[in-house]
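One structure is given here, and the rest of the page talks about it.
The values are calculated or read from the model by the stated rules, or taken from the named source; none is laboratory data. Everything numeric here is computed off the predicted structure, so don't read it as measured data. Here the Cβ positions follow ideal geometry from the backbone for every residue, glycine too, while neighbour counts run over all protein chains shown. Accessible surface is based on the protein model in full, side chains and every heavy atom, while ligands, DNA and RNA are left aside. Shrake-Rupley method; radii C 1.70, N 1.55, O 1.52, S 1.80 Å.
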Amino acid sequence: MRKGVEMFAAELLTRRCALGISQADLARLINTTQRSVSNYERATRTPGNVDEILAILDNVETTAKAIERECVENYILTGEAMRVEPTESAYRRNMPSLAVNLPWSAYLAAVARARTEVERMTGDRPTIAYTK
C-alpha cells in the first residue's frame, strides 16, 4: 500500500505544479486544508477520496487546455493581444463560471502556455494585455 500512497503523492504534486496552482488553491478545489494537501504530497497521509481528487484535477486540466486553445486560436485568427483579467477579483467577477473550477493562477498559467505555444508555432511573441 505504501507504494500506492507514494505514487498518488507524486502524481498530485506533479499535476498541481504543472497547472500552476498553489496547495491552498488545490485545497479550496477539493474542500480541505492546505496542510492536508501538503500531507498528501509528502505521502504522510492519504485522502479517502483519491479518485474524486484525481477527477477534479482532470477537470481543471481540461478547462486550462480549453483556455490555452482559445487563446492560441484567437491570436492566430486576429493577431491581437492575449487578454487577461487584471486581478483575481476581476477574474471571479467577469468569468464566474470559469473561476469556479479554475483558480486564477491556473488561468494565468494557461494563457502563458498559450503564448509559448504561439511562439513555438509561428515565431511571434504575442503581447499579453489586461482586459478593458
Would you point out which residue out of Leu77, Leu57, Leu19 is within 21 Å of Glu119 (Cβ to Cβ), aliphatic (A, V, I, L, M) and in contact (Cβ under 8 Å) with a residue 24 or more places away in the chain?
-> Leu19
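Matching residues to (1) among the polar types (S, T, N, Q); (2) over 26 Å from Glu41 (Cβ atoms); (3) modelled with pLDDT of 95 or more:
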{"residue": "Ala55", "(1), (2), (3)": "no, no, yes"}
{"residue": "Lys65", "(1), (2), (3)": "no, no, yes"}
{"residue": "Arg69", "(1), (2), (3)": "no, yes, yes"}
{"residue": "Asn94", "(1), (2), (3)": "yes, yes, yes"}
{"residue": "Ser97", "(1), (2), (3)": "yes, yes, no"}
{"residue": "Ala112", "(1), (2), (3)": "no, no, yes"}
{"residue": "Pro126", "(1), (2), (3)": "no, yes, yes"}
{"residue": "Thr131", "(1), (2), (3)": "yes, yes, no"}
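Go over the candidates Ile21, Ile76, Ile67 one by one and state the one that is of a type in the set (A, V, I, L, M, F, W, C) and in contact with a Pro (Cβ under 8 Å, 6 or more places away or on another chain).
Working: Ile76 fails: in contact with a Pro (Cβ under 8 Å, 6 or more places away or on another chain); Ile67 fails: in contact with a Pro (Cβ under 8 Å, 6 or more places away or on another chain).
Only one candidate passes the filter, namely Ile21.
Residues being of a type in the set (A, V, I, L, M) and either touching a Phe, Trp or Tyr at 6+ places or on another chain (Cβ under 9 Å) or farther than 22 Å from Ala109 by Cβ (or both): count how many of those fall in segment 31-52. Break it down into steps so the answer makes sense when it comes.
Taking segment 31-52 and keeping what is of a type in the set (A, V, I, L, M), we get 37, 43, 50.
Filter once more, so that each one left must be either touching a Phe, Trp or Tyr at 6+ places or on another chain (Cβ under 9 Å) or farther than 22 Å from Ala109 by Cβ (or both): 43, 50.
Number of matching residues: 2.
Among the residues of segment 1-20, is any in a helix (DSSP H, G or I), within 20 Å of Met95 (Cα to Cα) and of a type outside the set (Asp, Glu)?
Within segment 1-20, one or more residues are in a helix (DSSP H, G or I), within 20 Å of Met95 (Cα to Cα) and of a type outside the set (Asp, Glu).
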Name the helices (runs of 4 or more DSSP H) wholly inside segment 27-132 in which the number of residues that are open to solvent by 60 Å² or more (accessible area, probe 1.4 Å) and either under 27 Å from Glu11 (Cβ atoms) or among the aliphatic types (A, V, I, L, M) (or both) is 3 or more.
-> 50-78, 104-122
